[in-house]
1. Of all residues in the stretch 295-324, which are in a helix (DSSP H, G or I) and under 13 Å from the mean Cα position of the chain (by Cα)?
2. For the subset of the stretch 62-76 comprising residues that are under 11 Å from residue 30 (Cβ atoms) and assigned to a loop (DSSP other than H, G, I, E, B), which member is modelled with the lowest pLDDT?
3. For the stretch 353-371, how many residues are touching a helix residue (DSSP H, G or I) at 6+ places or on another chain (Cβ under 6 Å) and farther than 21 Å from residue 129 by Cα?
4. For the stretch 34-61, give me each residue that is assigned to a strand (DSSP E or B) and over 26 Å from the mean Cα position of the chain (by Cα).
5. So residue 97 clears everything in (1) free of Cβ contacts under 8 Å to residues at least 24 places away in the same chain; (2) more than 30 Å from residue 301 (Cβ to Cβ); (3) outside the structural domain of residue 358 (by TED's automatic domain parsing) except one condition, right? Which one?
6. Determine which single condition residue 160 fails, assuming it passes every other condition in (1) surrounded by fewer than 19 Cβ atoms within 10 Å (Cβ to Cβ); (2) in a loop (DSSP other than H, G, I, E, B); (3) within 27 Å of the chain's Cα centre (by Cα).
7. Which of the strands (runs of 3 or more DSSP E) found entirely inside the stretch 93-133 contain at least 1 residues meeting this: within 21 Å of residue 68 (Cβ to Cβ) and out of contact with any helix residue (DSSP H, G or I) (no Cβ under 6 Å at 6 or more places or on another chain)?
């Protein structure tokens, strides 16, 4: 009697979401940003991907398959498995998943779709396998923002909602997420679009000049005031005043602002009376204003006045499917400045694309703490470092910097989900070291942290040894205790097999009787 099979469930995505593939890199930039929803997986059926199928909906509205002559017609497949997992089965083409070549069927971990899985097809195409709303949003205008992710579409919806009202808007988000772009879009799509747009960096306003800068001065109000002039509020009359870095506003300036917002009136320095102003306020911050209120650093009434409507921008790591579109957009912009925008166009048959898939997958694996601004800076440096038509390479100095990938050799194998070292406990590190037979590179990759960060943490942890610190006597005693079985001795000493072998060779130790060559070679490769 045949054993009944476990029931097949939908892939591991949140309710109302399905698996999707988005094109991050393609020899023809027209394809970048194309997306297909893999609804078959949600119905328990296999999804196949090849040169000829499925059709991706491209940013220009066309629906086309990948259609690159160097991709195989033989598909690779995604199968829904039990326990809400997905299995990826490679085909004939070289395929890399999150920096690793599976070579055989690969079961994706639960939660993989929510994080996003980077898939490279040869050196031509890069895809992101990720979760996406089962019912996509209605088509929205770009509003000056680059990207087609669900997270960005939600921001566009909020922009249009905010634009129809006159209440103050507070735009929140990490540094580099595009808060000023969003504020400008609200202004340009609202009733004040024909009025002035005035930008003020609140962190740059000296306290002693704040009243004059915001409200203006009368002639003779103080030494040097030789004429009557308006401040930021008067300059923005009938339009929008954008207060950037509002969280950095000094306490004295907060008081001035609150009074103006509550009364709708301002008084020039030296004037006998105040005057009404008609200004819409939009502010932005990457600070936790509620925490600042609790600490007495920001006035609660001012926060309430500013936050009539709030928009929170997603970090780039939460809209990873936009990375390809953003990268290509910034590269074209930079190339135009040097008169070479054609370099991003499709190549002749047989030519490698200027931006290769492995370069893009390396960038897609990074978590971008500086967000879109950091990506733009990387695009600028890519153009500067690759002046010719040859396939672009990331500069080694860029890869090793604190704001980019930690080491050049880990670009392809970089963990897709980066974590801050401070978020990882000592207990997690010890468990990961043990699970990976004390191999430090594999441990760092599994934890989503750079090896350099792991090494620094290990320096301060007890119970962790370096193979280079082991004495000959310690090694020989441990080997004897395990019948000269190298893997068993390495496990007791808490070092990798490869590291122990290397130390033994350096000390001139006798060769062990039992060596797990597979484990040893795997550690060396890692």
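1. 316, 317, 318, 320, 321, 322, 323, 324
2. 67
3. Here the count works out to 1.
4. Narrowing the stretch 34-61 to residues assigned to a strand (DSSP E or B): 35-37, 47-49, 56-57.
The answer is 47, 48.
5. Tallying (1) free of Cβ contacts under 8 Å to residues at least 24 places away in the same chain; (2) more than 30 Å from residue 301 (Cβ to Cβ); (3) outside the structural domain of residue 358 (by TED's automatic domain parsing), residue 97 fails exactly one: (3).
6. Condition not satisfied by residue 160: (2).
7. Answer list for the stretch 93-133: 95-97, 117-121, 125-133.
Let's see how each residue does on (1) in contact with a helix residue (DSSP H, G or I) (Cβ under 7 Å, 6 or more places away or on another chain); (2) modelled with pLDDT of 65 or more; (3) part of a loop (DSSP other than H, G, I, E, B):
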residue	(1), (2), (3)
409	no, no, no
415	yes, no, yes
428	yes, yes, no
432	yes, yes, no
437	yes, yes, yes
443	yes, yes, no
446	yes, yes, no
452	no, no, no
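The values are calculated or read from the model by the stated rules, or taken from the named source; none is laboratory data. Everything numeric in this text was worked out from a predicted model, so none of it was measured. A quick note on method: Cβ atoms are made from the backbone with ideal geometry, for glycine too, and the neighbour counts reach across all protein chains shown.
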